[in-house]
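**Student:** Sharing a structure here in structure tokens format.
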Amino acid sequence: MKIYANLKCNHTRKSFENYAKFLDENLMLDDKEIVVFPPSSAFCYGKYKFRQGAQNFYPCENGNFTGEIGLSMLNEFNIKDALTGHSERRNLGESDEFLKVKFEFLKEQNFNIIFCIGENLDIKNSNKTKEFLASQLNDIDLEYENLVIAYEPVWAIGTGVSANLDDIAEILEFLRTLTNAPLLYGGSVNLENISEISNIKECGGVLVGSASFEAKSFINLIKEVR
Ligand code: PGA
């Protein structure tokens, strides 16, 4: 099972060093597949029992792209996992076309791509969730061997209200008809719901935001499904 932590815009390098140390000390060797996505300014050197991943990147090796980070900066930290299509990036203007370019770039580099999709409340309320999710997957290679898809309803992200179990199960089953990639759920995963969510038939793991911001809280989630 995959348990991924998206730390978003939280943690300095100093505080993430402490986070990484605490996590490493408390993980067991047979723990699930753990990937932590810190802010890129906080990437740490060092060998841990978890992998570090990138929340964002620009599809270039390096170059004249003010404010961006490229492949050479990820390579410095041996990073091989990247979130793509997170709704918080889409909200900042990342279009399906641009996400396709990012996807193709990562694919060429053999990265693990965690491609995030999810409907907003309007789409959910008008019963168009499935067709919308299918459209978000239209431009990417669903056969890519290192693809993971994270289903994250936009209205469940950071709200404390996760989707209900039946709805998650139905959506993951629908996604399974489109791809064999591992399927994650994300959106207000916490200590109370992680076991039930991870027991859903097609659920291959979770992508956690808020409940992972503190190392102790993230470890408690991992322990809950050990
Ligand atoms: P959340 O965030 O757990 O705080 O809802 C999930 C995410 O954005 O990946």
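The values are calculated or read from the model by the stated rules, or taken from the named source; none is laboratory data. Note that the structure is a prediction, hence the values are computed from the model and not measured. All Cβ positions, glycine included, derive from the backbone under ideal geometry; neighbour counts span all protein chains shown. SASA here: full protein model, heavy atoms, side chains in, ligands and nucleic acids out. Shrake-Rupley method; radii C 1.70, N 1.55, O 1.52, S 1.80 Å.
**Student:** Residues of region 122-135 being surrounded by 20 or more Cβ atoms within 10 Å (Cβ to Cβ) and touching a strand residue (DSSP E or B) at 6+ places or on another chain (Cβ under 9 Å), which ones?
**Tutor:** Selection gives Leu133 alone.
**Student:** While we're on this one: Can you tell me which of (1) under 25 Å from Val206 (Cβ atoms); (2) surrounded by 18 or more Cβ atoms within 10 Å (Cβ to Cβ); (3) touching a residue at least 40 places away in the same chain (Cβ under 8 Å); (4) not β-branched (Val, Ile, Thr) is the one Glu119 doesn't meet?
**Tutor:** (3)
**Student:** How many residues does region 52-66 contain that are in contact (Cβ under 8 Å) with a residue 40 or more places away in the chain and either within 16 Å of the ligand (Cβ to nearest atom) or in contact with a strand residue (DSSP E or B) (Cβ under 8 Å, 6 or more places away or on another chain) (or both)?
**Tutor:** 3
**Student:** Among the residues of region 178-226, what is the count of those that are surrounded by 15 or more Cβ atoms within 10 Å (Cβ to Cβ), away from the ligand (no atom under 16 Å from the Cβ) and polar (S, T, N, Q)?
**Tutor:** 1
**Student:** Taking the conditions exactly as written (modelled with pLDDT under 95 and at positive phi), does Gly46 satisfy them or not?
**Tutor:** Here the answer is yes, as Gly46 does meet what is asked.
**Student:** Right, another one. Answer yes if at least one residue in region 140-150 is over 23 Å from Ala82 (Cβ atoms) and not in a helix (DSSP H, G or I), and no otherwise.
**Tutor:** No, because not a single residue in region 140-150 is over 23 Å from Ala82 (Cβ atoms) and not in a helix (DSSP H, G or I).
**Student:** Can we say Asn18 is open to solvent by 80 Å² or more (accessible area, probe 1.4 Å), farther than 18 Å from Val206 by Cβ, in a helix (DSSP H, G or I) and of a type outside the set (Val, Ile, Thr)?
**Tutor:** It is true that Asn18 is open to solvent by 80 Å² or more (accessible area, probe 1.4 Å), farther than 18 Å from Val206 by Cβ, in a helix (DSSP H, G or I) and of a type outside the set (Val, Ile, Thr).
**Student:** Being more than 16 Å from the ligand (Cβ to nearest atom) and either under 18 Å from the mean Cα position of the chain (by Cα) or assigned to a helix (DSSP H, G or I) (or both) narrows it down to one of Ile69, Ile79, so name that one.
**Tutor:** Ile79
**Student:** A further question follows. Need the failing condition index for Ala134 against (1) aliphatic (A, V, I, L, M); (2) within 16 Å of the ligand (Cβ to nearest atom); (3) more than 14 Å from the chain's Cα centre (by Cα); (4) closer than 16 Å to Ser87 by Cα, just the number.
**Tutor:** Of (1) aliphatic (A, V, I, L, M); (2) within 16 Å of the ligand (Cβ to nearest atom); (3) more than 14 Å from the chain's Cα centre (by Cα); (4) closer than 16 Å to Ser87 by Cα, only one is false for Ala134: (2).
**Student:** Please find, within region 82-99, the residue that is surrounded by the most Cβ atoms within 10 Å (Cβ to Cβ) out of those that are within 14 Å of the ligand (Cβ to nearest atom) and not in a loop (DSSP other than H, G, I, E, B).
**Tutor:** Thr84
**Student:** Inspect region 73-85 for any residue being more than 18 Å from Ser212 (Cα to Cα) and basic (Lys, Arg) and give the result as yes or no.
**Tutor:** yes
**Student:** Further question: Keeping to region 103-119, report how many residues are closer than 15 Å to Ser72 by Cα and either among the aliphatic types (A, V, I, L, M) or over 15 Å from the mean Cα position of the chain (by Cα) (or both).
**Tutor:** Qualifying residue count, region 103-119: 5.
**Student:** Still on this model: Given the residues Lys49, Lys102, which is the only one that is under 22 Å from Val206 (Cα atoms) and more than 16 Å from the ligand (Cβ to nearest atom)?
**Tutor:** Lys49
**Student:** Sort out which residues of region 163-220 are in contact (Cβ under 8 Å) with a residue 40 or more places away in the chain and assigned to a helix (DSSP H, G or I), and write them in order of number.
**Tutor:** Matches in region 163-220: Ile171, Phe174, Leu175, Ser198, Ser210, Ser212, Ala215, Lys216, Phe218, Ile219.
**Student:** Considering region 137-156 alone, what residues qualify as being open to solvent by 40 Å² or more (accessible area, probe 1.4 Å) and within 11 Å of the ligand (Cβ to nearest atom)?
**Tutor:** The answer is Val154, Trp155.
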